[in-house]
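Here the structure comes first, spelled out in C-alpha coordinates, and everything after it is commentary.
The values are calculated or read from the model by the stated rules, or taken from the named source; none is laboratory data. All figures in this text were calculated on a predicted structure; none of them were measured in a lab. All Cβ positions, glycine included, derive from the backbone under ideal geometry; neighbour counts span all protein chains shown.
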Amino acid sequence: MTNIAIAIHGGAGTILKSSLTPALEKSYKSELQKALDIGYKILESGNTSTDAVEAAVTSLENCPLFNAGKGSVFTSEGTHEMDASIMDGATLNAGAVSAISGIKNPVMLSRMVMEQSDHVFLTGRGAEDFAREMKCEFASKDYFFDKFRHQQWLEMKGTDQFQLDHSAAKDEKFGTVGAVALDQIGNIAAATSTGGMTNKKYGRVGDSPMIGAGNYANNKTCAVSCTGSGEYFIRAVVAYDVSSLIEHKRFSLNEATHEVIQNRLKEIGGDGGLIAIDKNGNISLEFNTEGMYRGQRTSNGLNEVAIYS
(Lines give C-alpha, C1' and ligand atoms only; values in the text may rest on other atoms or scores of the structure.)
Protein backbone atom coordinates (compact mmCIF):
# COMPACT_ATOMS: atom_id res chain seq x y z
CA MET A 1 0.00 0.00 0.00
CA THR A 2 1.30 3.43 -0.94
CA ASN A 3 0.89 6.66 0.98
CA ILE A 4 -2.37 8.49 0.51
CA ALA A 5 -2.71 12.23 0.04
CA ILE A 6 -5.16 14.90 -1.08
CA ALA A 7 -5.01 18.62 -1.81
CA ILE A 8 -7.82 21.06 -2.50
CA HIS A 9 -8.25 24.67 -3.56
CA GLY A 10 -11.10 27.16 -3.45
CA GLY A 11 -9.70 29.91 -5.65
CA ALA A 12 -6.74 32.28 -5.84
CA GLY A 13 -6.42 36.03 -6.12
CA THR A 14 -6.01 39.24 -4.15
CA ILE A 15 -6.96 37.71 -0.82
CA LEU A 16 -5.73 39.95 1.99
CA LYS A 17 -6.15 39.35 5.71
CA SER A 18 -7.55 42.88 6.01
CA SER A 19 -10.36 42.03 3.56
CA LEU A 20 -11.72 39.08 5.56
CA THR A 21 -13.40 39.37 8.94
CA PRO A 22 -12.24 36.84 11.56
CA ALA A 23 -15.63 35.13 11.29
CA LEU A 24 -15.45 34.86 7.50
CA GLU A 25 -11.88 33.61 7.61
CA LYS A 26 -12.95 30.96 10.11
CA SER A 27 -15.83 29.94 7.82
CA TYR A 28 -13.54 29.56 4.81
CA LYS A 29 -11.05 27.47 6.76
CA SER A 30 -13.82 25.33 8.23
CA GLU A 31 -15.27 24.55 4.80
CA LEU A 32 -11.83 23.81 3.35
CA GLN A 33 -11.11 21.41 6.22
CA LYS A 34 -14.49 19.76 5.78
CA ALA A 35 -13.85 19.09 2.09
CA LEU A 36 -10.32 17.90 2.84
CA ASP A 37 -11.55 15.47 5.51
CA ILE A 38 -14.30 14.10 3.27
CA GLY A 39 -11.82 13.31 0.51
CA TYR A 40 -9.20 11.93 2.88
CA LYS A 41 -11.63 9.54 4.59
CA ILE A 42 -12.56 8.13 1.20
CA LEU A 43 -8.90 7.44 0.48
CA GLU A 44 -8.39 6.02 3.96
CA SER A 45 -11.21 3.53 3.44
CA GLY A 46 -9.53 2.19 0.30
CA ASN A 47 -11.63 3.90 -2.35
CA THR A 48 -10.19 5.50 -5.47
CA SER A 49 -8.55 8.85 -5.99
CA THR A 50 -11.37 9.62 -8.45
CA ASP A 51 -13.91 9.00 -5.69
CA ALA A 52 -11.96 11.29 -3.37
CA VAL A 53 -11.60 14.27 -5.72
CA GLU A 54 -15.24 14.04 -6.76
CA ALA A 55 -16.40 14.04 -3.12
CA ALA A 56 -14.10 16.86 -2.06
CA VAL A 57 -15.18 19.08 -4.96
CA THR A 58 -18.83 18.21 -4.32
CA SER A 59 -18.41 19.49 -0.77
CA LEU A 60 -16.99 22.78 -2.05
CA GLU A 61 -19.76 23.04 -4.67
CA ASN A 62 -22.32 22.75 -1.86
CA CYS A 63 -20.83 25.74 -0.02
CA PRO A 64 -21.93 29.24 -1.13
CA LEU A 65 -18.55 30.73 -0.17
CA PHE A 66 -16.96 29.34 -3.33
CA ASN A 67 -17.72 30.14 -6.97
CA ALA A 68 -18.92 26.69 -8.01
CA GLY A 69 -22.22 24.86 -7.70
CA LYS A 70 -24.38 26.61 -5.11
CA GLY A 71 -22.05 29.62 -4.92
CA SER A 72 -21.84 30.22 -8.67
CA VAL A 73 -21.78 33.82 -9.89
CA PHE A 74 -24.36 35.41 -12.19
CA THR A 75 -24.04 35.72 -15.97
CA SER A 76 -24.99 38.86 -17.91
CA GLU A 77 -28.51 37.47 -18.23
CA GLY A 78 -28.86 36.85 -14.51
CA THR A 79 -28.48 33.07 -14.82
CA HIS A 80 -25.81 30.60 -13.76
CA GLU A 81 -23.58 28.72 -16.22
CA MET A 82 -21.28 26.19 -14.61
CA ASP A 83 -18.28 24.18 -15.83
CA ALA A 84 -16.51 21.13 -14.41
CA SER A 85 -14.09 18.36 -15.30
CA ILE A 86 -12.55 15.22 -13.85
CA MET A 87 -9.68 12.97 -14.94
CA ASP A 88 -8.39 9.55 -13.91
CA GLY A 89 -4.61 9.35 -14.02
CA ALA A 90 -4.55 5.55 -14.30
CA THR A 91 -6.52 5.36 -17.54
CA LEU A 92 -6.36 8.95 -18.88
CA ASN A 93 -10.14 8.80 -19.05
CA ALA A 94 -11.75 12.20 -18.55
CA GLY A 95 -15.14 13.87 -18.47
CA ALA A 96 -16.12 17.52 -18.74
CA VAL A 97 -19.19 19.74 -18.94
CA SER A 98 -19.61 23.44 -19.64
CA ALA A 99 -22.31 26.11 -19.77
CA ILE A 100 -24.74 24.00 -17.76
CA SER A 101 -27.55 25.36 -15.60
CA GLY A 102 -29.63 23.91 -12.79
CA ILE A 103 -27.41 20.94 -12.02
CA LYS A 104 -26.64 20.82 -8.31
CA ASN A 105 -23.19 19.25 -8.62
CA PRO A 106 -21.48 19.72 -11.98
CA VAL A 107 -18.48 17.62 -10.94
CA MET A 108 -20.77 14.58 -10.54
CA LEU A 109 -22.06 15.12 -14.07
CA SER A 110 -18.52 15.37 -15.43
CA ARG A 111 -17.79 11.95 -13.92
CA MET A 112 -20.95 10.55 -15.50
CA VAL A 113 -19.73 11.85 -18.86
CA MET A 114 -16.42 10.06 -18.26
CA GLU A 115 -17.93 6.75 -17.17
CA GLN A 116 -21.40 6.57 -18.73
CA SER A 117 -20.90 8.11 -22.17
CA ASP A 118 -18.64 7.63 -25.18
CA HIS A 119 -17.54 11.25 -25.00
CA VAL A 120 -15.21 13.52 -23.03
CA PHE A 121 -16.87 16.94 -23.24
CA LEU A 122 -20.57 17.86 -23.27
CA THR A 123 -21.93 21.38 -23.25
CA GLY A 124 -25.10 23.40 -22.67
CA ARG A 125 -28.50 21.90 -23.31
CA GLY A 126 -27.05 18.62 -24.55
CA ALA A 127 -25.16 18.15 -21.30
CA GLU A 128 -28.34 18.93 -19.37
CA ASP A 129 -30.29 16.38 -21.42
CA PHE A 130 -27.62 13.81 -20.62
CA ALA A 131 -27.88 14.77 -16.94
CA ARG A 132 -31.61 14.04 -17.01
CA GLU A 133 -30.98 10.64 -18.58
CA MET A 134 -28.48 9.92 -15.81
CA LYS A 135 -31.04 11.07 -13.21
CA CYS A 136 -28.61 13.74 -12.04
CA GLU A 137 -29.93 15.99 -9.27
CA PHE A 138 -31.22 19.38 -10.40
CA ALA A 139 -31.85 22.36 -8.12
CA SER A 140 -34.15 25.38 -8.43
CA LYS A 141 -32.98 28.91 -9.22
CA ASP A 142 -33.54 29.77 -5.55
CA TYR A 143 -30.90 27.23 -4.56
CA PHE A 144 -28.25 29.07 -6.58
CA PHE A 145 -29.30 32.57 -5.47
CA ASP A 146 -26.79 34.35 -3.25
CA LYS A 147 -27.58 37.92 -2.18
CA PHE A 148 -23.94 39.06 -2.21
CA ARG A 149 -23.26 37.63 -5.68
CA HIS A 150 -26.53 39.06 -6.97
CA GLN A 151 -25.61 42.55 -5.73
CA GLN A 152 -22.26 42.37 -7.50
CA TRP A 153 -23.98 41.40 -10.72
CA LEU A 154 -26.46 44.27 -10.39
CA GLU A 155 -23.52 46.68 -10.19
CA MET A 156 -22.32 45.44 -13.60
CA LYS A 157 -25.64 44.65 -15.24
CA GLY A 158 -26.04 46.30 -18.64
CA THR A 159 -22.32 47.04 -19.01
CA ASP A 160 -19.53 45.29 -20.88
CA GLN A 161 -17.64 44.72 -17.64
CA PHE A 162 -17.03 41.27 -16.23
CA GLN A 163 -15.36 40.12 -13.06
CA LEU A 164 -13.63 37.05 -11.74
CA ASP A 165 -15.47 35.61 -8.74
CA HIS A 166 -17.18 37.46 -5.90
CA SER A 167 -14.83 40.35 -5.27
CA ALA A 168 -14.64 44.09 -5.63
CA ALA A 169 -13.21 44.96 -9.05
CA LYS A 170 -9.87 45.85 -7.49
CA ASP A 171 -9.77 42.61 -5.50
CA GLU A 172 -9.55 39.80 -7.96
CA LYS A 173 -10.46 36.40 -6.57
CA PHE A 174 -10.66 33.39 -8.83
CA GLY A 175 -13.21 31.18 -7.16
CA THR A 176 -12.79 27.95 -9.06
CA VAL A 177 -12.59 24.89 -6.77
CA GLY A 178 -10.60 21.73 -7.26
CA ALA A 179 -8.98 18.64 -5.78
CA VAL A 180 -6.14 16.25 -6.55
CA ALA A 181 -5.49 12.95 -4.78
CA LEU A 182 -3.35 9.82 -4.54
CA ASP A 183 -5.03 6.57 -3.44
CA GLN A 184 -3.79 3.41 -1.74
CA ILE A 185 -2.92 1.60 -4.96
CA GLY A 186 -0.95 4.52 -6.36
CA ASN A 187 -3.45 6.08 -8.75
CA ILE A 188 -3.93 9.84 -8.97
CA ALA A 189 -6.87 11.96 -10.14
CA ALA A 190 -7.94 15.58 -10.49
CA ALA A 191 -11.28 17.43 -10.51
CA THR A 192 -12.17 21.09 -11.06
CA SER A 193 -15.44 23.06 -10.95
CA THR A 194 -16.43 26.71 -11.41
CA GLY A 195 -19.25 29.18 -11.92
CA GLY A 196 -17.06 31.31 -14.17
CA MET A 197 -17.11 35.13 -14.33
CA THR A 198 -19.68 37.57 -12.97
CA ASN A 199 -21.60 39.17 -15.87
CA LYS A 200 -19.98 36.86 -18.44
CA LYS A 201 -21.50 36.93 -21.95
CA TYR A 202 -21.67 34.85 -25.11
CA GLY A 203 -21.49 31.50 -23.31
CA ARG A 204 -17.92 32.19 -22.19
CA VAL A 205 -16.03 29.13 -20.98
CA GLY A 206 -12.76 29.25 -19.05
CA ASP A 207 -10.05 26.68 -18.45
CA SER A 208 -11.76 24.65 -15.72
CA PRO A 209 -13.53 22.11 -17.96
CA MET A 210 -10.71 21.96 -20.52
CA ILE A 211 -8.57 18.85 -20.15
CA GLY A 212 -4.93 19.92 -20.23
CA ALA A 213 -5.65 23.57 -19.50
CA GLY A 214 -7.38 23.69 -16.11
CA ASN A 215 -7.41 20.00 -15.21
CA TYR A 216 -5.15 17.01 -15.94
CA ALA A 217 -4.06 13.70 -14.42
CA ASN A 218 -1.54 11.10 -15.53
CA ASN A 219 -0.05 8.43 -13.27
CA LYS A 220 3.29 8.81 -15.07
CA THR A 221 3.60 12.42 -13.93
CA CYS A 222 1.06 14.26 -11.81
CA ALA A 223 -2.51 15.44 -11.28
CA VAL A 224 -3.25 19.17 -11.55
CA SER A 225 -6.23 21.44 -10.84
CA CYS A 226 -5.97 25.13 -11.72
CA THR A 227 -7.61 28.38 -10.66
CA GLY A 228 -7.03 31.78 -12.16
CA SER A 229 -7.53 34.01 -15.18
CA GLY A 230 -8.90 31.26 -17.41
CA GLU A 231 -8.07 32.78 -20.78
CA TYR A 232 -4.36 32.75 -19.88
CA PHE A 233 -4.48 29.22 -18.47
CA ILE A 234 -6.01 28.06 -21.75
CA ARG A 235 -3.35 29.78 -23.86
CA ALA A 236 -0.56 28.36 -21.71
CA VAL A 237 -2.14 24.86 -21.47
CA VAL A 238 -1.06 25.08 -17.84
CA ALA A 239 -2.07 21.71 -16.40
CA TYR A 240 -0.52 19.71 -19.22
CA ASP A 241 2.56 21.94 -19.29
CA VAL A 242 3.32 20.95 -15.70
CA SER A 243 2.99 17.28 -16.65
CA SER A 244 5.16 17.72 -19.73
CA LEU A 245 8.00 19.30 -17.77
CA ILE A 246 8.00 16.31 -15.43
CA GLU A 247 7.81 13.76 -18.25
CA HIS A 248 10.19 15.28 -20.78
CA LYS A 249 12.49 17.54 -18.76
CA ARG A 250 12.59 15.37 -15.63
CA PHE A 251 11.56 18.29 -13.42
CA SER A 252 10.40 17.58 -9.89
CA LEU A 253 6.78 18.43 -9.11
CA ASN A 254 7.79 21.65 -7.32
CA GLU A 255 10.17 22.68 -10.10
CA ALA A 256 7.50 22.14 -12.74
CA THR A 257 4.72 24.02 -10.95
CA HIS A 258 7.05 26.90 -10.09
CA GLU A 259 8.26 27.22 -13.68
CA VAL A 260 4.75 27.26 -15.10
CA ILE A 261 3.03 29.55 -12.57
CA GLN A 262 5.87 31.92 -11.65
CA ASN A 263 7.54 32.20 -15.07
CA ARG A 264 5.57 30.99 -18.08
CA LEU A 265 2.12 32.15 -16.96
CA LYS A 266 3.44 35.50 -15.72
CA GLU A 267 5.23 36.11 -19.02
CA ILE A 268 1.91 36.28 -20.85
CA GLY A 269 0.17 38.30 -18.12
CA GLY A 270 -1.68 35.48 -16.37
CA ASP A 271 -2.27 35.17 -12.65
CA GLY A 272 -3.70 32.49 -10.41
CA GLY A 273 -2.51 29.19 -9.06
CA LEU A 274 -2.78 25.42 -9.01
CA ILE A 275 -2.61 22.38 -6.81
CA ALA A 276 -0.72 19.29 -7.94
CA ILE A 277 0.23 15.85 -6.69
CA ASP A 278 2.54 13.19 -8.08
CA LYS A 279 2.59 9.38 -7.84
CA ASN A 280 4.83 9.55 -4.75
CA GLY A 281 2.38 11.71 -2.85
CA ASN A 282 4.39 14.92 -3.18
CA ILE A 283 2.09 17.97 -3.18
CA SER A 284 2.61 21.43 -4.64
CA LEU A 285 0.38 24.44 -3.92
CA GLU A 286 1.73 27.09 -6.28
CA PHE A 287 0.26 30.56 -6.91
CA ASN A 288 1.44 34.00 -8.03
CA THR A 289 -1.34 35.98 -6.33
CA GLU A 290 -1.75 37.40 -2.82
CA GLY A 291 -3.45 34.23 -1.66
CA MET A 292 -5.18 30.97 -2.53
CA TYR A 293 -7.78 29.10 -0.49
CA ARG A 294 -6.06 25.73 -0.11
CA GLY A 295 -5.55 22.63 1.98
CA GLN A 296 -3.57 19.41 2.06
CA ARG A 297 -3.67 16.21 4.07
CA THR A 298 -1.42 13.15 3.88
CA SER A 299 -0.90 9.83 5.62
CA ASN A 300 2.44 11.20 6.87
CA GLY A 301 0.55 13.40 9.32
CA LEU A 302 0.33 16.64 7.37
CA ASN A 303 -3.09 18.28 7.72
CA GLU A 304 -3.42 22.01 7.08
CA VAL A 305 -5.55 24.66 5.45
CA ALA A 306 -4.38 28.16 4.49
CA ILE A 307 -5.52 31.29 2.70
CA TYR A 308 -2.75 33.91 2.46
CA SER A 309 0.63 33.76 0.78
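Here are some conditions: (1) surrounded by fewer than 24 Cβ atoms within 10 Å (Cβ to Cβ); (2) touching a Lys or Arg at 6+ places or on another chain (Cβ under 9 Å). Residue 184 meets all but one. Which one does it not meet?
Failing condition for residue 184: (2).
Is it the case that some residue within the range 112-128 is acidic (Asp, Glu) and closer than 21 Å to residue 189 by Cβ?
For the range 112-128, residues acidic (Asp, Glu) and closer than 21 Å to residue 189 by Cβ: present.
Pick from the range 59-78 the residues that are in contact (Cβ under 8 Å) with a residue 40 or more places away in the chain and surrounded by fewer than 24 Cβ atoms within 10 Å (Cβ to Cβ): which of them is nearest to residue 9 (Cα to Cα)?
Within the range 59-78, the match that is nearest to residue 9 (Cα to Cα) is 65.
Out of everything in the range 254-285 that is under 23 Å from residue 3 (Cβ atoms), part of a helix (DSSP H, G or I) and not hydroxyl-bearing (Ser, Thr, Tyr), what residue ends up being farthest from the chain's Cα centre (by Cα)?
255
State which residue is nearest to residue 66 (Cα to Cα) when the search covers only the range 184-242 and only residues that are part of a helix (DSSP H, G or I) and of a type in the set (Asp, Glu).
Going through the qualifying residues, I end up with 231.
Among the residues of the range 23-38, is there at least one that is of a type outside the set (Phe, Trp, Tyr), out of contact with any Asp or Glu (no Cβ under 8 Å at 6 or more places or on another chain), in contact (Cβ under 8 Å) with a residue 40 or more places away in the chain and at positive phi?
Scanning the range 23-38 turns up no residue that is of a type outside the set (Phe, Trp, Tyr), out of contact with any Asp or Glu (no Cβ under 8 Å at 6 or more places or on another chain), in contact (Cβ under 8 Å) with a residue 40 or more places away in the chain and at positive phi.
Got at least one residue in the range 88-99 being β-branched (Val, Ile, Thr) and at pLDDT 95 or above?
Yes, there is a match, as at least one residue in the range 88-99 is β-branched (Val, Ile, Thr) and at pLDDT 95 or above.
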